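Reviewing the structure listed below.
The values are calculated or read from the model by the stated rules, or taken from the named source; none is laboratory data. None of the values given here were measured: they were computed from a predicted structure. Every residue, glycine as well, gets a Cβ built from its backbone with ideal geometry; the counts of neighbours run over all protein chains shown.
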Ligand SMILES: C[S@@+](CC[C@H](N)C(=O)[O-])C[C@H]1O[C@@H](n2cnc3c(N)ncnc32)[C@H](O)[C@@H]1O
């Protein structure tokens with residue numbers, strides 16, 4: 001009920017699943033972060049007007065549109081499933097009709113998250129288990145390389161965090177766990193967000 005209500009409010013269609021057919025086990029299926037979880041996250045965790053968020057494996061774009069609507073900041077979504085990407089583009093057209101006044105750009109890119117060139121202005125990175133830990137490690141290493149070139153404070157937000165993702169951050173990066181946000185009344189203990197922070201050297 002809540003899912004459809006929020007979709008209607010944003011004028012997008014993001015409910016449902018999409019499984020991969022005959023594809024590498026490295027890529028996970030499409031499933032959106034529940035709106036209830038996003039509501040809870042952003043009651044506790046705020047984005048500033050100078051922030052720019054990237055959703056790796058954005059699916060139909062729920063997270064970028066939701067954030068753009070609430071915080072009016074630049075957002076980027078990367079998606080490698082061509083049908084899902086097409087749906088995200090249609091959602092953008094429809095969402096934009098009621099969000100013309102928000103100047104911040106919404107960029108949707110078709111392609112592999114591990115090949116995305118991290119921009120020096122990107123500082124918030126969102127993951128809802130889009131792919132294997134091996135690919136996650138590569139994406140995180142791209143973020144770390146960008147930090148070496150352009151030192152800045154950066155957050156990585158994990159929804160429904162898997163042990164393997166947490167291990168990558170612990171073993172291979174200097175990100176530390178800054179906050180944990182649980183989804184109210186969740187039956188599954190994994191229904192939570194972990195927010196990891198890298199602090200600028202300044
Ligand atoms: C669990 S969904 C998350 C969707 C969205 N981030 C959200 O939270 O609502 C994961 C998405 O990542 C996409 N994906 C999987 N592997 C990918 C890759 N290597 N590069 C880009 N997208 C990928 C899938 O097609 C799927 O749409």
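Would you be able to say whether some residue in the range 9-21 is over 13 Å from the mean Cα position of the chain (by Cα), more than 24 Å from residue 190 (Cβ to Cβ) and not in a loop (DSSP other than H, G, I, E, B)? It would help to see each step written out before you state the result.
Initially, the range 9-21 is screened for residues over 13 Å from the mean Cα position of the chain (by Cα), giving 9-21.
Right, trim to more than 24 Å from residue 190 (Cβ to Cβ) and you get 9-13, 21.
Within this subset, residues satisfying the condition of being not in a loop (DSSP other than H, G, I, E, B) are 9-10.
There is at least one residue in the range 9-21 that is over 13 Å from the mean Cα position of the chain (by Cα), more than 24 Å from residue 190 (Cβ to Cβ) and not in a loop (DSSP other than H, G, I, E, B).
Filtering 179, 142 for residues that are farther than 21 Å from residue 25 by Cβ, in a helix (DSSP H, G or I) and either modelled with pLDDT under 95 or in contact with a helix residue (DSSP H, G or I) (Cβ under 8 Å, 6 or more places away or on another chain) (or both) leaves a single hit, 142. The set of residues in the range 12-26 being more than 30 Å from residue 1 (Cα to Cα) and more than 10 Å from the ligand (Cβ to nearest atom) consists of 22, 25. Of the residues that make up the range 14-21, is at least one farther than 23 Å from residue 134 by Cα and touching a helix residue (DSSP H, G or I) at 6+ places or on another chain (Cβ under 6 Å)? Yes, the conditions are met somewhere in the range 14-21. Taking the criterion of being surrounded by fewer than 18 Cβ atoms within 10 Å (Cβ to Cβ) and within 14 Å of the ligand (Cβ to nearest atom), the residues of the range 32-58 that qualify are 36, 39, 42.
Condition check ((1) part of a strand (DSSP E or B); (2) at positive phi; (3) in contact with a strand residue (DSSP E or B) (Cβ under 6 Å, 6 or more places away or on another chain); (4) buried (at least 19 other Cβ atoms within 10 Å of the Cβ)) across all residues:
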| site | (1), (2), (3), (4) |
| --- | --- |
| 99 | no, no, no, no |
| 103 | no, no, no, no |
| 109 | yes, no, yes, no |
| 126 | yes, no, yes, yes |
| 155 | yes, no, yes, yes |
| 187 | no, no, no, no |
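Could you list all residues from the range 61-79 that are in a loop (DSSP other than H, G, I, E, B) and either at pLDDT below 95 or touching a strand residue (DSSP E or B) at 6+ places or on another chain (Cβ under 7 Å) (or both)? Steps first, please.
Within the range 61-79, the subset in a loop (DSSP other than H, G, I, E, B) is 61, 72-74.
Listed by number, the residues that qualify are 61, 73.
Residue-level check: of (1) under 15 Å from residue 54 (Cα atoms); (2) away from the ligand (no atom under 13 Å from the Cβ); (3) in a helix (DSSP H, G or I), residue 170 misses just (1). Note on the range 118-137: residues that are touching a helix residue (DSSP H, G or I) at 6+ places or on another chain (Cβ under 8 Å) and either more than 10 Å from the ligand (Cβ to nearest atom) or without any contact (Cβ under 8 Å) to a residue 24 or more places away in the chain (or both) total 7. Filtered by the rule that a residue be in contact with a strand residue (DSSP E or B) (Cβ under 7 Å, 6 or more places away or on another chain) and assigned to a helix (DSSP H, G or I), the range 31-60 gives 37, 40, 41, 44.
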